[in-house]
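The values are calculated or read from the model by the stated rules, or taken from the named source; none is laboratory data. Quick caveat, the model's predicted, so the values are computed rather than measured. Here the Cβ positions follow ideal geometry from the backbone for every residue, glycine too, while neighbour counts run over all protein chains shown. Accessible surface is based on the protein model in full, side chains and every heavy atom, while ligands, DNA and RNA are left aside. Shrake-Rupley method; radii C 1.70, N 1.55, O 1.52, S 1.80 Å.
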Amino acid sequence: MHLSTVEAVLEYEVQEPTHFCFNVEAARWATQNIVSERLALSSGVQPRSYTDARSGNRFIRFDAAPGPLLVNYKAEVEVLTEDVEESLAELPVTQIPDDVFPYLMPTRYCESDVLCVAANKMFGAMAPGVSRVRAIVEWIHSNITYAPGSTCSTTTAQEVFIQRTGVCRDFAHLGITFCRALNIPARLVVGYVWFDEPPQDFHAIFEAWVGGRWVQFDPTGMAPVDRLVRIGTGGDAKDVAFCTWFGKMAMTRKEIIVLEHDPRPPRPGALVPAPALANAALAA
């Protein structure tokens, strides 16, 4: 079990009446416990909240008038560590549960049908199971360059595969795409986690369905997956956007703060332990 304090500070200049939907709160999820939390919004905003029963994603919706807007969420969350057995096997499609089956399908950002030939050429002959998913993760980590600003909100897995650069969500999208192309259900997970090197931001990883359970993987290698405070789970980035808006606005501040209260074991080859506090502002 790991305890983290997480915070998101988001500020906007609303230029015309705009409807917002935010997904920044820690999810209602079996492997994490929200110890405490608070949400602060600009005065005059009348929010309504709802939770998606299947994903546990929590949404905040409201109308905002022109002018400055602040959204500030802070929480203390315990995350349960789950052991992963390397013997976990892939299941044949006929045995995949109905609620998992949709995560086999191509989606807007994960064109598994388009990359099916490439995925099978690279990974199709490997023994099925966790080891094959780890091979996918290692290939992405070794062949895709992490480069902030190299992609945009519409970049797809196929484009990342071609250009060989991206950010965390692009790494995750490519992992999901390769898995689905091999008939392994996979989905995107976004959350809060502290990682060694800036830029600090919401972090994206993916989960693959092996051995009858979801197992987390991070192709960027930026942070231990068992310390991620889950915010959103979905087919791809369209399902887990931290902000969706209908109107006109400009983001003026985005600050993500993560404080881990449990020391991490030293990484192999690490010379100096990294500090426990991350505090940095980023553009979207």
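Whether a residue is within 26 Å of GLY124 (Cβ to Cβ) and surrounded by fewer than 21 Cβ atoms within 10 Å (Cβ to Cβ) was assessed, and VAL210 does not pass this test. If you check ARG180, ARG132, ARG169, which single one turns out to be among the basic types (Lys, Arg), at pLDDT 95 or above and open to solvent by less than 10 Å² (accessible area, probe 1.4 Å)? One residue alone meets the criteria, ARG180.
Whenever a residue of region 59-74 is closer than 17 Å to GLN15 by Cβ, its partners that are open to solvent by less than 10 Å² (accessible area, probe 1.4 Å) and of a type in the set (Phe, Trp, Tyr), lying with C-beta atoms within less than 7 angstrom and at least six residues away or across chains, give the pairs PHE62/PHE20; ALA64/PHE20; LEU69/TYR12; VAL71/PHE22.
Listed here are the residues, each with its yes/no results for (1) under 30 Å from TRP214 (Cβ atoms); (2) of a type in the set (S, T, N, Q).
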{"residue": "MET1", "(1), (2)": "yes, no"}
{"residue": "VAL9", "(1), (2)": "no, no"}
{"residue": "GLU13", "(1), (2)": "no, no"}
{"residue": "GLN32", "(1), (2)": "yes, yes"}
{"residue": "VAL35", "(1), (2)": "yes, no"}
{"residue": "GLN46", "(1), (2)": "no, yes"}
{"residue": "PHE59", "(1), (2)": "yes, no"}
{"residue": "ALA64", "(1), (2)": "no, no"}
{"residue": "GLU82", "(1), (2)": "yes, no"}
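Just to be sure before I move on: is PRO102 assigned to a helix (DSSP H, G or I), open to solvent by 40 Å² or more (accessible area, probe 1.4 Å), within 26 Å of VAL229 (Cα to Cα) and not small (Gly, Ala, Ser) in the structure I sent? Criteria met by PRO102. Taking the residues in region 156-175 that are closer than 16 Å to MET222 by Cβ and of a type outside the set (A, V, I, L, M, F, W, C) as candidates, determine which candidate is nearest to the chain's Cα centre (by Cα). Ranking the candidates gives ARG169 first. Within region 28-54, the residues that satisfy the criterion of being of a type in the set (Lys, Arg) and either in a strand (DSSP E or B) or modelled with pLDDT of 95 or more (or both) are ARG38, ARG48.
Okay, residues lined up against (1) part of a strand (DSSP E or B); (2) over 18 Å from ILE256 (Cα atoms):
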{"site": "LEU3", "(1), (2)": "yes, no"}
{"site": "VAL6", "(1), (2)": "yes, no"}
{"site": "ALA26", "(1), (2)": "no, no"}
{"site": "GLY56", "(1), (2)": "no, yes"}
{"site": "ASP63", "(1), (2)": "yes, yes"}
{"site": "LEU69", "(1), (2)": "yes, no"}
{"site": "ASP98", "(1), (2)": "no, yes"}
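The criterion of being within 18 Å of the chain's Cα centre (by Cα) and open to solvent by 70 Å² or more (accessible area, probe 1.4 Å) holds for SER153.
Of the residues making up region 183-198, those that are open to solvent by 10 Å² or more (accessible area, probe 1.4 Å) and either in a helix (DSSP H, G or I) or modelled with pLDDT under 95 (or both) are TRP194, ASP196, GLU197, PRO198. Under the condition of being open to solvent by less than 50 Å² (accessible area, probe 1.4 Å) and charged (D, E, K, R), the residues counted in region 79-93 number 1.
The rows are residues; the columns are (1) within 18 Å of ARG28 (Cα to Cα); (2) outside any loop (DSSP other than H, G, I, E, B); (3) basic (Lys, Arg); (4) at pLDDT below 95.
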{"site": "GLN200", "(1), (2), (3), (4)": "no, no, no, yes"}
{"site": "GLU207", "(1), (2), (3), (4)": "yes, yes, no, no"}
{"site": "PRO219", "(1), (2), (3), (4)": "no, no, no, no"}
{"site": "MET222", "(1), (2), (3), (4)": "no, no, no, yes"}
{"site": "ILE231", "(1), (2), (3), (4)": "yes, yes, no, no"}
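Screening region 123-144 for residues that are more than 18 Å from the chain's Cα centre (by Cα) and part of a loop (DSSP other than H, G, I, E, B) and picking the one that is farthest from TRP214 (Cα to Cα) gives ALA125.
Can we say LEU259 is buried (at least 19 other Cβ atoms within 10 Å of the Cβ) and among the aliphatic types (A, V, I, L, M)? So LEU259 does not fit the description; no.
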